[in-house]
Amino acid sequence: MALLEIKNLSFKYALEDKYALNNISLEVNEGDFLLVCGKTGCGKTTLLKLIKKELMPNGSKDGKVLFLDKNVEENVEPQSIGYVFQNPDNQIVTDKVWHELSFGLENLNTPMEVMRNRIAEISNFFGIDNWFYDKTANLSGGQKQILNLASILVMNPKLILLDEPTSQLDPIARSNFLGLLTKINKELGITIILVEHNLEDVFGIVDQVLLLDEGKLLIKDTKEEVNNYIRNNNLDIKEALPSALQITNSLGLNVSYFVKDARSELTKKFVNTTPNLPYSMPNLSDDVVIEGKGIFYSYDKQRQDILNDLNVKVMKGEILTILGSNGSGKTTLLNVLSGVIKPYSGKIVINGKKLKEYKNNTLYINNLTILPQNPLNVFLKKTVLEDLNDSLKIGGSSEEDKNKIIELLKLNPYLYSHPFDLSGGEIQKCALAKILLLKPKILFLDEPTKGLDAFAKKQLVYILKELQKEKVTIIMVTHDIEFSATVSDRIAMLFDGKINNPTNIHEFFSNNILYTTKASLISKNFYQNTVTNNEVIALALANGLK
């Protein structure tokens, strides 16, 4: 008997004509680790929520979802199926770590002695004991997501569902979280269904992969067979595959999912007679658009400054990316530089004018725009189209501009939807469209690729490069290292409240050990200055086989 069985499942949201899921049938066995992937809006989140009774969306459903041969809508204990959301803050309900761990058990009327033992072993398993008494508000994003996972595991579930749980985590926190998932699956035998857009570090650790497209199941099979299916059908999702897989696929090498294996294949089969990839320095303007000097900021006078004597210069028309860990102050920096919050010390100059000299929103009108970390914050109307039309009036864009951005980001299916009814990736694309129609000269982007599939990321690269041709200045903070390597002119690290000297992408990633691209790691000490998949592939082909 399968742990989970889905039979001919179709689902259509209320007031929608199109099916979000169309005749899905599959089985998941006990102990499986299943990855669910596909383009934005293909039905991944909908599928997860239809497995969890308490999260089932409103709409019309046909077919059956059975858990241990019981209908999930009737006879399944809530704690037997756990669910981890995309945003770590959306799941935490108490103010202390220890209380968050006990909250679910308290609601299940678990005896005190059992509760104490369960929390003790889970805390040790996750390494939570060092921050067991901390306030949840003071945790980093990675710690919050680990706490969410631990709070589910403490209730002894048989199945854990995760909806893009690492999309807001920095690379180190993401790696740690995925390591814990692997440990839970391999050592405890708990079944996991994971939805992800970013397949790096994920594809190789799962047992099976399920690929959805426009609500239909294309294939559910081993990762090897799914990789073959993607290659044979030349699907767009090939650009979301792990770098190791993309490079070995493209060079005709043995299939590899991890850096170590791909590096071994590359060095065994290819020569490095010409190991150095020449690159050109970004041609930056001499005009300083934004300058921050001696910036200090703290959310709490009793705590360390999150921005500590920070200095930064942003040149006209450049794309500057700021990397850093969760809680390092990246979002705070954007908010300070854009005038959303005020530093308690320091000077900020934009286009030669002090920030405090801008009056009555003159800083923002046809000048500066920010895409916030929560894209829902930019929407005010009942439909996406109404919001886009608002931006059209404010920014002076034309109908042609609007139609172009709608086509580029493939927004037609969402135009008449309420923003709050869209998935994370869908709302991210719509928010991007809205702020771009404001025609800013300076654009701040806070995690712009969050929830986006590989195709949407490719379109975003195109859009940002087109804006750059128009001398728009772009400052971006992101955890998406691979994306930043394809689009940035300069990159800097925010650490200890300061920005290290921004440098070009090849110098930055080639010199880093952890905050670097997988392509750079795969080619390290064999080829030099190769930081993207395409660069590794091109240099390998230029050198030739042994």
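Here's the yes/no breakdown for (1) under 27 Å from residue 446 (Cα atoms); (2) crowded, with 19+ Cβ neighbours inside 10 Å; (3) in contact (Cβ under 8 Å) with a residue 12 or more places away in the chain:
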| residue | (1), (2), (3) |
| --- | --- |
| 82 | no, yes, yes |
| 106 | no, no, no |
| 122 | no, yes, yes |
| 144 | yes, yes, yes |
| 175 | yes, no, yes |
Quiz item: Only one of these conditions is not met by residue 66: (1) in contact with a strand residue (DSSP E or B) (Cβ under 9 Å, 6 or more places away or on another chain); (2) part of a loop (DSSP other than H, G, I, E, B); (3) at pLDDT 90 or above. Which number is it?
Solution: (2)
Quiz prompt | Failed item in (1) touching a His at 6+ places or on another chain (Cβ under 7 Å); (2) in a helix (DSSP H, G or I), with residue 460 passing the rest | solution = (1)
Exercise. Please find, among 55, 21, the residue that is crowded, with 17+ Cβ neighbours inside 10 Å and either at pLDDT 95 or above or closer than 20 Å to residue 165 by Cα (or both).
Key: 21
Practice problem: Having 2 or more residues that are within 26 Å of the chain's Cα centre (by Cα) is the bar; report the strands (runs of 3 or more DSSP E) wholly within the range 276-329 that clear it. | Solution: 307-315, 319-323
Quiz item: From the list 450, 356, which one is modelled with pLDDT under 90, over 17 Å from the mean Cα position of the chain (by Cα) and either surrounded by fewer than 22 Cβ atoms within 10 Å (Cβ to Cβ) or not β-branched (Val, Ile, Thr) (or both)?
Solution: 356
Quiz item: Quick one: residue 239 ticks every box in (1) of a type in the set (Asp, Glu); (2) modelled with pLDDT under 95; (3) not in a helix (DSSP H, G or I) bar one, so which box is it?
Solution: (3)
Practice problem: Please indicate, with yes or no, whether at least one residue in the range 23-43 is within 18 Å of residue 194 (Cβ to Cβ), among the charged types (D, E, K, R) and free of Cβ contacts under 8 Å to residues at least 40 places away in the same chain. | Solution: yes
Quiz item: Out of (1) surrounded by 22 or more Cβ atoms within 10 Å (Cβ to Cβ); (2) modelled with pLDDT of 95 or more, what's the single condition that is false for residue 198?
Solution: (2)
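Residue-wise test of (1) within 30 Å of residue 69 (Cα to Cα); (2) surrounded by 15 or more Cβ atoms within 10 Å (Cβ to Cβ); (3) in contact with a Leu (Cβ under 6 Å, 6 or more places away or on another chain).
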| residue | (1), (2), (3) |
| --- | --- |
| 109 | yes, no, no |
| 113 | no, no, no |
| 134 | no, yes, no |
| 138 | no, no, no |
| 185 | yes, yes, no |
Quiz item: Checking residue 48 against (1) in a helix (DSSP H, G or I); (2) surrounded by fewer than 14 Cβ atoms within 10 Å (Cβ to Cβ); (3) modelled with pLDDT of 95 or more, which test does it fail?
Solution: (2)
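The values are calculated or read from the model by the stated rules, or taken from the named source; none is laboratory data. Values in this document were obtained by computation on a predicted structure and should not be read as measured data. Because the Cβ atoms are built from the backbone with ideal geometry, glycine has one as well, and the counts that use them run over all protein chains shown.
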